[in-house]
Structures are given as C-alpha cells and as structure tokens.
Amino acid sequence: MRPTKLEEVVGQKHLVAPGQIIHRMVEAKMLSSMILYGPPGIGKTSIASAIAGSTRYAFRMLNAATDTKKDLQIVAEEAKMSGTVILLLDEIHRLDKTKQDFLLPHLENGRIIMIGATTENPYISINPAIRSRTQIFELKPLAQTDILEAIERALADSEKGLGNYPVQLDEAAKIHLARSTNGDLRSVLNGLELAVKSTPIDEQTGKIELSIDIIESCIQKKALTHDKDGDAHYDVISALQKSIRGSDVDAALHYLARLIEAGDLPIICRRLMVIGYEDVGLANPQAAARTVSAIQAAEKLGFPEARIPLANAVIDLCLSPKSNSAISAIDAALADVRAGKSGEVPDHLRDSHYQGAKKLNRGVDYLYPHAYPNAWVDQQYLPDKLKNQHYYQPKVTGKYEHALATRYQQIQEWKKQKKR
C-alpha cells in the first residue's frame, strides 16, 4: 500500500496537499533534503515514497542505527551514476559521526536527497550539522477519518491492497480498528491484513466476515463496547469528566483505565485539558498547568508508559478544588455578543496611535491606571449598552480564586465610593 504519488498519502494535508510546501517542492522540481518527525505509523515512509514516485527518482531506504557506512557508500555510487537518489534514512537521530561525515558532502552537492525520519524532536536529538542542511517538517497524528479512508482504500485496492479478498468488515469492527491504534496507520493495516488472511471464508455467505472479536484478537486491543455507533465510547469519556468534576478518584481512574485499554491517547489528552480549565479552572490554575505538562509527557512516551503521567493528572484534577467561573463568565459574554449586545467601543479606549486620532477624539480622555494608587482608576471600559453588566462571578473554593474574588470585590467597592 506504499503510495507512489502525493495524492495517495493519507493525512498530512498541511504538507502534501496542493499548494502546501512538499507539494510545491515536487511540482517545481526543487527538492531539498528534509527531516520528517512525528509518532510512528503516521506517514513518514509514505511521504518519502510518494516524493520518489512523483519525481521518478531512485528510492532507497536505510536505517541510521543498523545500516553501515558501506550501505551509504552504495547509495552514493548509485547517485553518481543515475544523477539523483532519494534516500529515506529511518531513525536519523541515531546517525553516528562517521556516517554523518560521509553523508554531508553528498547532501551539499544534491546527489542524495535525504528524507530523514524520526520520532524524536529533531531540534533536540539531531546534530546541528545535519539540521542546517535540511528542512524540518512535523507530521500530525492521523485523524479517525483519515484512518477510515485508508481502511476503505486497502479493502478496495486489488493491486496493492486486499481487494481480491471477499471481505465483509463489520462497521463496529472498522470503527474499533480506526480508533484503537492511536493514529498508527501501519498497525491498522497490519492488523487488517492479518485478520483477512487468517479468517476462512464463510461457506454460507462466501465472505470473509470480520467481526469486532476478530479485529480485537488481531490488534490485541479490546473495544470499549460492541456498540455499533460508538455511543458507549463517548459515555466513558463523559463519565471520566463527570467523575473528576465530582472529585471521585476511584471512578475517574476506572474510566481512565478503560480509555487507556482502548488506546485512545488523543481523546484522553484533549479531555483532560478541557477538564483542567473547565472544571478546576481558577480554583487551582497550577493543576491545569501540571495537566498540560503531563499530557506532553504522555504524548512523548506513548503507551504503555503514558498511563503514568495520565494517572498523575487525573488524581491531581480529582482532588483539586473546583470552579467553573471562567467558562461561565466567557459563555455569558458570548451570549451577549451573539445577541447583538455589543455597542461602540468608548472613544477614550480607541486606538490613538495614528495621525489625526486626536481630531477624532480617539483616546483623548484615557486615564493610565499605572499612574494612580493601586494601579486603578475609575473609568468606563464597557460600551454604553453594557456598562453595568457583570460576567465574572467568582467562587472561593480555592485559595487562588479567593484572592481574585477579594481583589474583584475591592474594585467594586472603589467604584461605589467614586459614585457617592
């Protein structure tokens, strides 16, 4: 299923779609060496193969860790004879100095167009001498829709895929296959191929019938449910958030475990960030910051180790004080804006950094708060239509927001004193 043109690459449209950087390089025949980095199985080899197929250059694959300098010399000799060779160098972050020194002159003269592939951050793990001679492109995790498209293509392609097999893939099994491998398309296709080739044809239907049980067995990931529409999957996500909101650590860890077992790292990470800011919010802002750090660690580690920072985040969020004052405040403000309650920005707040602004009375009467005691001065900020509106309703469930509430109340008192 390796693509031979950019149009066949699954996902990564920000790089390979018409008008995007790699597509432009191929169209203009102005290829340069590059480094592709991102999680495993999301298209690094596919992009390299598609570039080679689109340009009709020779395409070779080596591994920086296991292949030798002699293997590089063979590619270099071929490049001298044919003019240009595209070399996919996997695990480029493990390239040693001897191989690097041999490779650099060939990158300079353009005979070898190297496409380095790595799961490590190249700005940290790759030698500056290589980095300076390449363009660096980050690949994004594949969306579920991308993987579903690839599954359909694999089942229909009789030349490079499984189109010659009479496959009947259950819809729930297909969704589980797309969802459970954490965006790793290679694992999806390997699991699908194993399922197809190891399942006998049903004598009654004449089909290779792939149920969710077969897919679970072939990818070694249990589905959360055999629910065709995946409703229970979203029920578990909802239960995770509501358990954290309700400060029930044991329930939250249970639902986290179910999502981990399903391999749903992107969903877990996104939901925990939402919880950190929606449900804990200003009651404990540092918990939200720690959650972001835990998510970054989980994404870098991948499963199974990702379960450790995720568990840290869930316990932290569960036992933090809760406040939804921020989301309530912005939703209230949005409700007014969407209802047409906006009004003109007061003249003294308008931009005055241009010639003629003074003649228009822009910013003329603005009072600079830092020039006053307590860095506060009474003046109108909201438009006239909303000048008495209040959106933020502080909660005092945590020390941080208690301090915010004290300051907020103090400012309200100062305003009242000015009006007397």
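The values are calculated or read from the model by the stated rules, or taken from the named source; none is laboratory data. Keep in mind it's a predicted model, so treat the numbers as computed, not measured. For neighbour counting, all protein chains shown are included, and Cβ atoms are generated from backbone atoms with ideal geometry for every residue, glycine included. Please note that ligands, DNA and RNA were not included when accessible areas were found on the heavy atoms of the full protein model with its side chains. Shrake-Rupley method; radii C 1.70, N 1.55, O 1.52, S 1.80 Å.
The set of residues in region 311-333 being open to solvent by 60 Å² or more (accessible area, probe 1.4 Å) and of a type in the set (A, V, I, L, M) consists of 315, 319, 330. Tallying residues that are more than 14 Å from residue 328 (Cβ to Cβ) and hydroxyl-bearing (Ser, Thr, Tyr) within region 387-406 yields 2. Restricting attention to region 360-397, the residues that are of a type in the set (Phe, Trp, Tyr) and either outside any loop (DSSP other than H, G, I, E, B) or loosely packed, with under 13 Cβ neighbours inside 10 Å (or both) total 3. Looking at the structure I just gave you, is residue 283 open to solvent by less than 80 Å² (accessible area, probe 1.4 Å), out of contact with any Leu (no Cβ under 8 Å at 6 or more places or on another chain), in contact (Cβ under 8 Å) with a residue 60 or more places away in the chain and within 26 Å of residue 402 (Cα to Cα)? So residue 283 fits the description; yes.
Counting only residues that are open to solvent by less than 50 Å² (accessible area, probe 1.4 Å), β-branched (Val, Ile, Thr) and farther than 22 Å from residue 41 by Cβ, how many does region 81-127 have? Final tally of qualifying residues: 4.
Before we move on, is residue 400 touching a Pro at 6+ places or on another chain (Cβ under 7 Å), of a type in the set (Ser, Thr, Tyr), closer than 24 Å to residue 326 by Cα and open to solvent by 100 Å² or more (accessible area, probe 1.4 Å)? Yes; evaluated as a whole, the condition is true for this residue.
Scanning region 60-90 for residues that are among the hydroxyl-bearing types (Ser, Thr, Tyr) and in contact with a Gly (Cβ under 8 Å, 6 or more places away or on another chain) gives a single hit, 84.
Yes or no, residue by residue, for (1) assigned to a helix (DSSP H, G or I); (2) in contact (Cβ under 8 Å) with a residue 60 or more places away in the chain; (3) closer than 16 Å to residue 241 by Cβ:
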site: 296; (1), (2), (3): yes, no, no
site: 300; (1), (2), (3): yes, no, no
site: 303; (1), (2), (3): no, yes, no
site: 312; (1), (2), (3): yes, no, no
site: 317; (1), (2), (3): yes, yes, yes
site: 320; (1), (2), (3): no, yes, yes
site: 329; (1), (2), (3): yes, yes, no
site: 336; (1), (2), (3): yes, no, no
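Sort out which residues of region 338-359 are open to solvent by 70 Å² or more (accessible area, probe 1.4 Å), free of Cβ contacts under 8 Å to residues at least 24 places away in the same chain and touching a Lys or Arg at 6+ places or on another chain (Cβ under 8 Å), and write them in order of number. Correct list: 351 only. So is residue 301 of a type outside the set (Gly, Ala, Ser) and modelled with pLDDT under 95 or not? It is true that residue 301 is of a type outside the set (Gly, Ala, Ser) and modelled with pLDDT under 95.
Against the list (1) closer than 23 Å to residue 190 by Cβ; (2) surrounded by fewer than 18 Cβ atoms within 10 Å (Cβ to Cβ), the condition residue 59 fails is (2).
Among the residues of region 149-160, none qualifies, meaning not one is part of a loop (DSSP other than H, G, I, E, B), under 30 Å from residue 204 (Cα atoms), touching a Ser or Thr at 6+ places or on another chain (Cβ under 9 Å) and without any contact (Cβ under 8 Å) to a residue 12 or more places away in the chain. Taken over region 258-274, the criterion of being under 14 Å from residue 315 (Cα atoms) and open to solvent by 10 Å² or more (accessible area, probe 1.4 Å) is satisfied by 273 alone.
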